[in-house]
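Peer 1: First the structure, then my questions, so here it is.
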Amino acid sequence: MVFGCLVDATRCARRALLFVAIGPFGPAVLGQVPHAPAVVPAETITKAWLGPPFQTAKVSRGNSEVRALIDSDPATKARLSSTLSAAGRLVSRNPVVALLLLERDGSVLFEKYQQGAGPEDLILGYSMTKSLTSVAMGQALCEGLVASVADPAERYADVLKGTAFGSASIEQLLTMASAAKKSIPGAGQPVQGWTSDLLRHHTVDVRSGFERFGTGGPDASALGEFEYKGMDSQAIGAVIAGATKQPVPDYASAKVWQQIGAEADARWLVDRNGDASTAEGFGARVRDWGRLALYVRDEMASSRNTCFAEYLKKATTMQIKNTSNHARAFGGYGYQFWTDNWRAKGVYWMEGYGGQMVATDRRSGRVMVMFSTTDAVVSEAESFMARWSGEEP
């Protein structure tokens, strides 16, 4: 999630204090983090989310061949020395947990971990999960398990029937355009503390949320208009589970994770019923987040599966204007990907709470993966991506 810090520093500070107090998944004791106010401690996204009270499901890499990520050659590093220096500054003066830069050929230009993180940690991506959920949705569509994104979502998920999520088309869910209850501005949660109750305290569950927040009333969104709300993403998960007749982590294992050449299994946070939180619950190694981005990029150019390529092109280009007060640096939204960033044009983004991002530049094919503890680093990271993507490969 991105909290509008780019346009309103005062509002950003208030939100940072709020989320420091409650944490994205509940109360947390913060350590001393220099440089900027912490939104979430590094320990939360690197290790704590994998143990009690949280519950996770495995996303298996199976026996798939690992996609090799080798170091960029010395000539490339010499030619891009200014980029490497800028990357070093980005990391050193901000509470960045990890930064990975991949060239078009998938080689590693830069890789750095700090705040106790390491290359084998499974790092929680928060709302970057939405983009992965979209990729899985594309696979279900192109396997023929979903006939069309124009279909009403309730055709595939009984749990959505009688709600605004069910009457919305799948495409409207993908573009955050259902008529469900609006979320807290900037947070994506339907009510304060919902995510903590769902994943930390286990006092609510995804299924009951569809009925609770999928009714009309004064807080309803306008059907067909963009309103950033995580429950639309949860409803996409229900469609995938219903259409494929299996839990989302199992389907994503076979149709996404075992396709990207992942080096390690990933994990997905689940609620008390075992349903995956498809809005914010996925975590993986940093390099595997990079491999996911390379996979999406490469599949768009592939002739093997034209249905999937066309779906991903739509997913990563503007399908609806961002007319909300959320993430104002982005002019548009695709299918659970952010688009049309005014700083870095031609780049599409997976974005997550606290400064998590995976950015891919269409022209150069370059990929940036960054994890942080604060949204305060976002604008600098976006500007860095703009400069790097503009350099000749």
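Peer 1: Given the options Ala164, Ala140, Ala48, identify the residue whose Cα lies farthest towards the positive end of the charge dipole of the chain (+1 on Cβ of Lys, Arg; -1 on Cβ of Asp, Glu).
Peer 2: Ala48
Peer 1: To the nearest 20 debye, what is the magnitude of the charge dipole of the range 9-390 about its Cα centre, counting +1 on the Cβ of each Lys and Arg and -1 on the Cβ of each Asp and Glu?
Peer 2: Using Cβ point charges on Lys, Arg, Asp and Glu, the range 9-390 gives about 740 debye.
Peer 1: Report the extension gain between Ala78 and Thr317 in nm, rounded to one decimal, defined as 0.36 nm multiplied by the number of residues separating them, less their alpha carbon distance. Present the calculation step by step, with values, prior to reporting the outcome.
Peer 2: Working: separation 239, 0.36 × 239 = 86.04 nm, distance 3.32 nm.
82.7 nm is the gain from fully extending Ala78 to Thr317.
Peer 1: In what sequence, highest mean first, do 155-165, 132-142 appear when ranked by Cβ atoms within 10 angstrom?
Peer 2: Numbers: 155-165: 21.1, 132-142: 24.4.
Going by the mean number of other Cβ atoms within 10 Å, highest first, we get 132-142, 155-165.
Peer 1: Hey, another quick one. Full-extension gain between Glu120 and Ala301, please, as 0.36 nm times their residue separation minus the C-alpha to C-alpha distance.
Peer 2: Values: separation 181, 0.36 × 181 = 65.16 nm, distance 3.00 nm.
My answer for the length gained is 62.2 nm.
Peer 1: Points 7 angstrom from Cα along the Cβ direction at Asp158 and Leu50: gap in nanometres?
Peer 2: With each label point 7 Å from Cα toward Cβ, the separation is 3.7 nm.
Peer 1: Return the whole-Å distance between the Cα centroid of the range 359-389 and the Cα centroid of the range 58-117.
Peer 2: 12 Å
Peer 1: If neighbour count is taken as other Cβ atoms inside 10 Å, put Trp268, Trp342 in order from fewest to most.
Peer 2: Listing Trp268, Trp342 from fewest to most nearby Cβ atoms yields Trp342, Trp268.
Peer 1: Considering the options Ser221, Ala329, Leu101, tell which one lies farthest towards the positive end of the dipole of the chain, charges being +1 on Lys and Arg and -1 on Asp and Glu at the Cβ, about the Cα centre.
Peer 2: Value: Ala329.
Peer 1: Give me the number: length gained by fully extending Arg363 to Ser64, i.e. 0.36 nm times residue separation minus the C-alpha to C-alpha distance, one decimal in nm.
Peer 2: On the way: separation 299, 0.36 × 299 = 107.64 nm, distance 2.89 nm.
104.7 nm is the gain from fully extending Arg363 to Ser64.
Peer 1: Students often get this wrong, so try it: which of [x] -0.20, -1.22; [y] -0.24, -1.47; [z] -0.27, -1.20 is log10 I(q)/I(0) by the Debye sum over Cα atoms at q = 0.06, 0.14 Å⁻¹ as calculated from the structure shown?
Peer 2: So the structure-derived entry is [x].
Peer 1: Calculate one ³J(HN,Hα) per residue across the range 158-164 by plugging θ = phi - 60° into the Karplus curve 6.51 cos²θ - 1.76 cosθ + 1.60, and present them in order as whole Hz with x for glycine and proline.
Peer 2: Along the range 158-164, the couplings run 4, 5, 8, 5, x, 10, 5 Hz.
Peer 1: If you don't mind, there's one more thing I want to ask. Could you go through the range 121-132 in sequence order and give the Karplus-derived ³J(HN,Hα) for each residue, using 6.51 cos²θ - 1.76 cosθ + 1.60 with θ = phi - 60°, rounded to whole Hz, and x for Gly and Pro?
Peer 2: Along the range 121-132, the couplings run 6, 8, 9, 5, x, 6, 6, 4, 4, 4, 5, 4 Hz.
Peer 1: Further question on the same structure: Could you please rank Ser131, Ser60, placing first whichever residue has the fewest other Cβ atoms within 10 Å of its Cβ? It would help to have the intermediate numbers written out before the result.
Peer 2: Working: Ser131 27, Ser60 18.
Ascending number of Cβ neighbours within 10 Å: Ser60, Ser131.
Peer 1: Taking the Cβ of each residue in Leu122, Leu84 as the centre, tally the other Cβ atoms inside 10 Å and list the residues starting with the fewest. Write out the running numbers ahead of the final one.
Peer 2: Working: Leu122 23, Leu84 16.
Ranking Leu122, Leu84 by Cβ neighbours within 10 Å, fewest first, gives Leu84, Leu122.
Peer 1: What are the residues whose amide H is under 5 Å from the amide H of Leu109, where those residues sit 5 or more places off or on another chain and H is modelled from the backbone?
Peer 2: For Leu109, the qualifying residues are Ser72, Leu101, Leu102, Glu103.
Peer 1: Roughly what would the spin-label model give for Thr203 and Leu223, points 7 Å off Cα along C-beta, in nm?
Peer 2: It works out to 3.4 nm between the two label points.
Peer 1: From the phi of every residue in the range 189-205, what ³J(HN,Hα) in whole Hz does the Karplus formula 6.51 cos²θ - 1.76 cosθ + 1.60 yield, where θ is phi - 60° and glycine or proline is x?
Peer 2: Per residue, the Karplus-derived 3J(HN,Hα) values read 7, x, 9, 4, x, 4, 5, 5, 5, 6, 10, 9, 8, 6, 9, 9, 9 Hz.
Where a number appears in this text, it was derived from the coordinates with a stated rule and is not lab data. Worth saying up front: this structure is predicted, and the values here are computed from it rather than measured. Using ideal geometry, Cβ is built from the backbone for each residue, glycine included, and neighbour counts are taken over all protein chains shown.
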